[in-house]
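*Asks:* Structure below; questions to follow.
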Amino acid sequence: MNAHTKETQAAISPQNALELLKEGNKRFVEKDSADRDLLQQVAQTASGQYPFATILSCIDSRVSAELIFDQGVGDIFSARVAGNIVNEDILGSMEFACKLAGTKIIVVLGHTACGAVKGACDDAKMGNLTELLSKIKPAVDAVPEPADASQRNSGNIGFVNTVAEKNVQMTIDNIRTQSPVLKEMEDNGEILIVGGMYDISNGKVSYM
């Protein structure tokens with residue numbers, strides 16, 4: 001399997017890009033990875049890169065976008081930060097990826113049992129992590145159930161996973177409100193912005 005070229009990238013529509021990611025995750029789950037020579041792709045991309053997707057995911061060691069979507073060298077831009085939140089640096093990176101480098105889809109990818117979300121649920125505080133978790137706290141507050149304060153913490157994995165899904169949705173909202181560039185591209189049908197959840201127990205990605 002060859003790396004993408006300018007021509008193959010241009011031929012991919014936003015919906016096609018989503019299907020490519022779905023197909024890749026299916027291969028990953030079924031242990032049927034595509035036959036590719038990664039060092040050959042290194043050579044093919046030495047003079048330029050033409051990724052088709054941008055993935056914003058958590059730094060969690062179990063959630064490597066290239067692996068779980070079965071992609072090779074030069075296929076995706078991968079932005080990773082605890083809790084898959086956005087700030088101006090990540091938004092700028094996404095604007096570069098889509099507007100200048102031509103990717104057709106942004107996937108905000110949360111995952112089950114997220115440590116950053118657990119920390120936000122527990123109102124954890126430690127150094128610079130405190131500020132990062134403050135960006136996830138709105139998702140905690142936006143999940144109304146359970147109302148019992150004793151159940152609104154990392155010990156309740158159902159609550160944690162619901163907050164993780166809400167955090168993905170709110171991150172997408174933040175992309176649209178904080179990046180006029182990406183919002184305009186989405187409105188014009190140039191890109192898709194979608195949310196997904198990765199299940200760390202079975203390797204599957206589901207979409208919202």
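*Asks:* How much of the DSSP beta bridge set in the chain is antiparallel, as a percent to the nearest 5?
*Replies:* 15
*Asks:* Using helices alone, what [θ] at 222 nm do you get for the chain, with -39,500 (n - 2.57) per DSSP H run of 4 or more residues, divided over all residues and rounded to the nearest 500?
*Replies:* Rounded to the nearest 500, it is -12000 deg cm²/dmol.
*Asks:* Another question, if that's okay. Are there any trypsin sites (Lys or Arg not before Pro) in the stretch 63-127 that are in a DSSP loop and have at most 13 other Cβ atoms within 10 Å? List them by number.
*Replies:* Those that pass, being in a loop and sparsely packed, are 125.
*Asks:* Would you mind calculating the gained length between residue 126 and residue 67 on full extension (0.36 nm times residue separation, minus the Cα-Cα distance), in nm to one decimal?
*Replies:* 18.2 nm
*Asks:* To continue, here is another question. Below 8 Å between Cα atoms, with a sequence gap of 6+, how large is the relative contact order for the stretch 72-208 in percent?
*Replies:* Worked out over the stretch 72-208, it gives 33 percent.
*Asks:* Moving to a separate point now. Where a Cα-Cα gap under 18 Å defines reach, which aspartates and glutamates qualify for residue 118, not counting those fewer than 8 residues away within the same chain?
*Replies:* 60, 131, 141, 145, 148, 165, 199
*Asks:* Report, in cubic angstrom per residue, the convex hull volume of the C-alpha atoms of the stretch 6-207.
*Replies:* 123
*Asks:* Right, another one. Report the Cα centroid-to-centroid distance between the stretch 1-56 and the stretch 112-131 in angstrom, as an integer.
*Replies:* 33
*Asks:* Now, a different point. Taking a threshold of 18 Å on the Cα-Cα distance, which of the pairs 31/104; 6/99; 137/166; 135/166 fall above it?
*Replies:* Numbers: 31/104 26 Å; 6/99 14 Å; 137/166 11 Å; 135/166 12 Å.
Flagged as over cut-off: 31/104.
*Asks:* How would 171, 130 line up from fewest to most surrounding beta-carbon atoms within 10 angstrom?
*Replies:* By the 10 Å Cβ count, ascending, the order reads 130, 171.
Rule-based calculations on the coordinates, nothing more; no lab input. The shown structure was predicted, so the numbers you read here are calculated from the model rather than taken from an experiment. FYI the Cβ positions are ideal-geometry reconstructions off the backbone, even for glycines, and counts take in every protein chain you see.
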